[in-house]
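Notes to accompany the following structure.
The values are calculated or read from the model by the stated rules, or taken from the named source; none is laboratory data. As the structure is a prediction and not an experimental result, all values here were calculated from the model. Here the Cβ positions follow ideal geometry from the backbone for every residue, glycine too, while neighbour counts run over all protein chains shown.
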Number of protein chains: 2
Amino acid sequence: MAGFCGMNGLKRLSRASVLRLELYLEVLEHFGKEGRAHITSADIGEAVGITDVKVRQDLLHLGAAGRPKVGYDVPRLTGLIREVFGVDSLKPACLVGYGNLGRALVGSNIWTKGGFKLAAIFDGDPEIVGTEAGEMRVRSITELFGVVKSEGIQAGVVVVPAAAAQEVADLLVAAGVQAIWNFAPVKIMTPETVVVENQSLAWGLITLSYRLKSRG
Amino acid sequence: MAGFCGMNGLKRLSRASVLRLELYLEVLEHFGKEGRAHITSADIGEAVGITDVKVRQDLLHLGAAGRPKVGYDVPRLTGLIREVFGVDSLKPACLVGYGNLGRALVGSNIWTKGGFKLAAIFDGDPEIVGTEAGEMRVRSITELFGVVKSEGIQAGVVVVPAAAAQEVADLLVAAGVQAIWNFAPVKIMTPETVVVENQSLAWGLITLSYRLKSRG
DNA sequence: AACCAATCGTGAAATATTACACGAGTTGGC
DNA sequence: GCCAACTCGTGTAATATTTCACGATTGGTT
């Protein structure tokens, strides 16, 4: 009764659920690397600081099935969560703005973790255009429209100064991008169909300050 | 009944509340820069995508008072939220690991936003030690213990490879740090009294992938 | 001065989330 | 083969969050 795993008719997950699932995924990948074949809900719960019941409920909503006395199959569960997040297929993405943060992102392993493949890097500064960036070359922002269209790039990461963010976003949208990860500290306007995820590095630090002030 | 504003005995805010308050703060600072003296709950709500009622309730818990027909006083409310987060006083912090991400953080404006003052930068690589970093010099990690102690540094930002994270955290804790912002993708062990905030750049990207997959 | 429109403050209802309790199924040992 | 221990699945209760509805207060206008 608990659901045919194949069907994709999952309920929409709450934001809190998504956040927890991301933590679970990290724990699972860690245990997976260590070669553990099974993991219990209590193990996961302890690792992320919540109760085993909540873990089981979260996993149940996903249609995951654990075996009593054994726990959940690590590779299977990992795969399931990755599928829910859609990070099992690597969608082409591009990054705009090759400053320090851009460099950090390019050199990190977030792309495969997040279900994307970095396909192009753009910058507006002529001194930076042409630079080697990992295994690719930084292209001029004037090429953006054409490259995004021809390569079928689905997502754009905006790592430019606030003043340029809206312009870059417009360009990305015009070229057909479906999702934008915005690091600029401004609200960018886009059509409803485009998914925008804003990111501010300051949030983590503010949270830290708050928790430090009220110890707990 | 609803509380003497002066007293600081605020209820503990939920994680969701804190996240929302951080958004409000950003909106307020934006409006403040534009010179707006007042702002309504509906304005804030629209900017962050929630209802005006929820905004008012959040602000009420903080003890903020708005005036009917006018709204909330922008500088006053900004100050109040900053006070709640404890970002009004700048606490000394240090950063460990001067790679690309470290450089991005050093060059950003998150420090004052987050209520800290970057007081020292450390790295273990002899080639990096001594480098100019903004207005300071990158110090050797061997100096960490002494500098943290003598400068009374309260928080440490860990931007080193996973393998070195625990060691760095231990060093920071031993030197008396009260809070750690950890970018390394490992769970670090610390005494209960130390606040640890984990940050993974991948989370935003995974969330984007999820939202892209299930459009909404 | 009196009215109107806008906006806040807040109690109550609806909804969602989380914690608890316990039955059911599975493994491993004797 | 049977028993005991462990862990999942899930109905129920408790709690928290969000929405709704409405009265109260203020500022402008005639």
Checklist entry - Which of the residues belonging to the range A:37-54 are more than 10 Å from DNA strand D (Cβ to nearest atom) and of a type in the set (A, V, I, L, M, F, W, C)? => result A:37, A:47, A:48, A:50
Checklist entry - Within the group B:82, B:20, B:67, which residue is within 12 Å of DNA strand D (Cβ to nearest atom) and under 18 Å from the mean Cα position of the chain (by Cα)? => result B:20
Checklist outcome for this item: Only one of B:13, B:28 is among the aliphatic types (A, V, I, L, M), surrounded by 18 or more Cβ atoms within 10 Å (Cβ to Cβ) and modelled with pLDDT of 95 or more, namely B:28
Next on the checklist: Would you confirm, using the coordinates I've provided, whether residue A:128 is touching a Gly at 6+ places or on another chain (Cβ under 6 Å) and farther than 30 Å from residue B:178 by Cβ?
Outcome noted: no
Next on the checklist: Tell me the residue from A:164, A:184 that is modelled with pLDDT of 95 or more, of a type in the set (Gly, Ala, Ser) and buried (at least 18 other Cβ atoms within 10 Å of the Cβ), please.
Outcome noted: A:184
Checklist entry - Hey, residue A:72 hits all of (1) at pLDDT 95 or above; (2) farther than 23 Å from residue A:111 by Cα; (3) under 23 Å from the mean Cα position of the chain (by Cα) but one; which does it fall short on? => result (3)
Checklist entry - Within the range A:59-80, which residues are more than 16 Å from DNA strand C (Cβ to nearest atom) and either in contact with a strand residue (DSSP E or B) (Cβ under 7 Å, 6 or more places away or on another chain) or within 12 Å of chain B (Cβ to nearest Cβ) (or both)? => result none
Checklist entry - Does the range B:108-125 contain at least one residue that is surrounded by fewer than 17 Cβ atoms within 10 Å (Cβ to Cβ), closer than 25 Å to residue A:101 by Cα and over 20 Å from the mean Cα position of the chain (by Cα)? => result yes
Checklist entry - Restricting attention to the range A:55-82, which residues are under 17 Å from residue A:13 (Cα atoms), out of contact with any Gly (no Cβ under 7 Å at 6 or more places or on another chain), surrounded by 15 or more Cβ atoms within 10 Å (Cβ to Cβ) and not aliphatic (A, V, I, L, M)? => result A:56, A:58, A:61, A:82
Checklist entry - Tell me, which strands (runs of 3 or more DSSP E) lie completely within the range B:99-199 with 3 or more residues that are more than 13 Å from chain A (Cβ to nearest Cβ)? => result B:116-123, B:136-140
